[in-house]
Amino acid sequence: MSRTFLIHGYVETSAIFDELVPLLPVSTFVRIDLADEFLRWKLTKRINVELLAQYLINFYEIKAEDVIIGHSMGGWIAIHIKQLISAKAILVSSCTDQRKIRLPTHNYRLLKFLLYSGITQSRLLLNFFRKQYPFAESLDLYSSLMEGMRGMSRTYIDQQLQTLFAPVPPLTVSPDLRIHTRRDNIIARPAEPFVEVPGDHFSLVFHPEQVAEPIRQLL
């Protein structure tokens, strides 16, 4: 039986898939928690998403017949796994273009400076983002992720930022499925065709049935 790998997004954990998994076709599910992976990897040089994808392929012996479901940053990783070995890639609220990430800056050096200066994890900044968050449905989840980020090591957050923003060669493959919502305020909707679902960036938590349906049809 092929395996289904689940890769979470920035400052998330694999718990983000808890509502979705019971609705998916029977499979051997492998939840990847990136905090654990970076600790195990012990890579000392700068990274990018392609290097991370290759590490995961090697460690888990991922094959072309396997399925990778990625949410947000996890989808960015999933498509690079497909680029390397042609595994099926399903992107939920994710992107294949770094420019779709909705941040005031994509300059990694500036983001790293803000992180190590303490600004990124400051309660003042996180409270500001919380007050600006527009969706009541997922506000508590968003707030818990922001609070969780305050307890993450700067090294781990830096590794996630490198995964998102370090330069990589252009992609030559497309996802097998894109699932997105038009109201996503974290990742802009794709220019390519996608399956639209209700909700916001966290549709897989609050509208899991609608997210699961196109995945069931594909698999």
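The values are calculated or read from the model by the stated rules, or taken from the named source; none is laboratory data. Bear in mind the structure is a predicted one, so any value in this text is a computation, not a measurement. A quick note on method: Cβ atoms are made from the backbone with ideal geometry, for glycine too, and the neighbour counts reach across all protein chains shown.
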Requested in this report: Name the one entry in ILE68, ILE101, ILE85, ILE77 that is surrounded by fewer than 24 Cβ atoms within 10 Å (Cβ to Cβ), touching a residue at least 12 places away in the same chain (Cβ under 8 Å), in contact with a strand residue (DSSP E or B) (Cβ under 8 Å, 6 or more places away or on another chain) and on the phi < 0 side of the Ramachandran plot.
Outcome: ILE101
Query raised in the report: With VAL11, VAL26 as the choices, which residue is within 22 Å of PRO208 (Cα to Cα), in contact (Cβ under 8 Å) with a residue 40 or more places away in the chain and either among the aliphatic types (A, V, I, L, M) or in contact with a strand residue (DSSP E or B) (Cβ under 7 Å, 6 or more places away or on another chain) (or both)?
Result: VAL11
Requested in this report: Could you list, in sequence order, all residues of the range 75-100 that are assigned to a helix (DSSP H, G or I) and either of a type in the set (D, E, K, R) or modelled with pLDDT under 95 (or both)?
Outcome: LYS82, ARG99, LYS100
Report task. For the range 10-23, enumerate the residues that are within 20 Å of ASP66 (Cβ to Cβ) and assigned to a loop (DSSP other than H, G, I, E, B). Result -> LEU20
Query raised in the report: Would it be correct to say that TYR156 is modelled with pLDDT of 95 or more, under 21 Å from CYS95 (Cα atoms) and part of a helix (DSSP H, G or I)?
Result: no
Report summary line: Of PHE165, PHE202, PHE129, the only residue that is farther than 19 Å from CYS95 by Cβ and either of a type outside the set (Asp, Glu) or modelled with pLDDT under 95 (or both) is PHE129
Query raised in the report: Tell me, which residue of the range 185-201 that is out of contact with any helix residue (DSSP H, G or I) (no Cβ under 7 Å at 6 or more places or on another chain) and within 27 Å of PHE113 (Cα to Cα) is surrounded by the most Cβ atoms within 10 Å (Cβ to Cβ)?
Result: HIS201
